[in-house]
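What follows is a set of notes on a single structure, which appears directly below.
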Amino acid sequence: MVKQSMSLRRFHAGAAPPLKSCRDTRASRGVTLIELLCVLVILGILASLLLPALLRAYTRARALDDEWNAEPVLEMLQNEVRGYCAAHSQYNFNDKYELADKCGIAPKCRDWIDFPLTEFTPFTYLDPTNKIVLTFHVGRKHATVYSFQKWELTEPRPN
């Protein structure tokens with residue numbers, strides 16, 4: 001009888017209960033759904049703060065690239081349109097997409113032509129040569145403007 005009372009007294013006197021095995025503890029089963037959702041919410045908030053800054057940096061870098069590459073792109077465009085017009089003396093361009101398709105414009109030039117701010121005026125071989133037919137707005141805030149008159153795109157380059 002003495003042994004039983006001692007064992008009862010030991011548990012009730014504030015002694016630590018026997019340790020559970022690792023398989024019995026809740027922490028060994030992984031993370032809870034609430035913890036996972038909290039982590040996902042935090043990642044979403046961080047992404048929403050970071051993505052606008054990345055988009056601004058990408059837009060600025062692309063605008064600088066357009067400014068730096070303007071001369072070669074415009075020269076390539078001129079050469080391709082001149083080559084088409086030299087081969088087809090009765091040329092007719094009704095829109096900027098037709099110009100790009102008929103002349104076989106290179107991809108970088110096509111991107112510039114397809115850009116929404118690019119202005120195009122339909123022209124044929126009968127139009128006056130001083131007519132402005134193509135205008136590009138490039139660079140930061142599209143402030144740099146390049147315009148082509150019909151003769152710049154259609155007449156062969158003087159030697």
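Since every read-out is calculated from the coordinates, none of them should be taken as a lab result. Quantities reported herein were computed from a predicted structural model and do not represent experimental measurements. Glycine gets a Cβ as well: all are built from the backbone with ideal geometry, and neighbour counts include every protein chain shown.
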Could the peptides 73-79, 39-45, 119-125 be put in order, highest first, of the mean number of other beta-carbon atoms found within 10 Å of their residues?
73-79, 119-125, 39-45
So how many Lys-Lys pairs in the stretch 58-159 land under 23 Å Cα to Cα, not counting same-chain pairs under 8 apart?
9
Rounded, prolate or oblate for the stretch 23-126? Axes are the square roots of the Cα gyration tensor eigenvalues, ordered a ≥ b ≥ c, and the cut-off for rounded is a/c under 1.5.
prolate
At 0.36 nm per residue, and after removing the present C-alpha to C-alpha distance, how many nm does the segment from Lys141 to Leu54 gain when stretched out fully?
29.6 nm
How do the peptides 130-141, 48-59, 107-118 rank, highest first, by the average count of neighbouring beta carbon atoms within 10 Å per residue?
130-141, 107-118, 48-59
Could you tell me how far the Cα centroid of the stretch 36-99 sits from the Cα centroid of the stretch 129-147, in Å?
15 Å
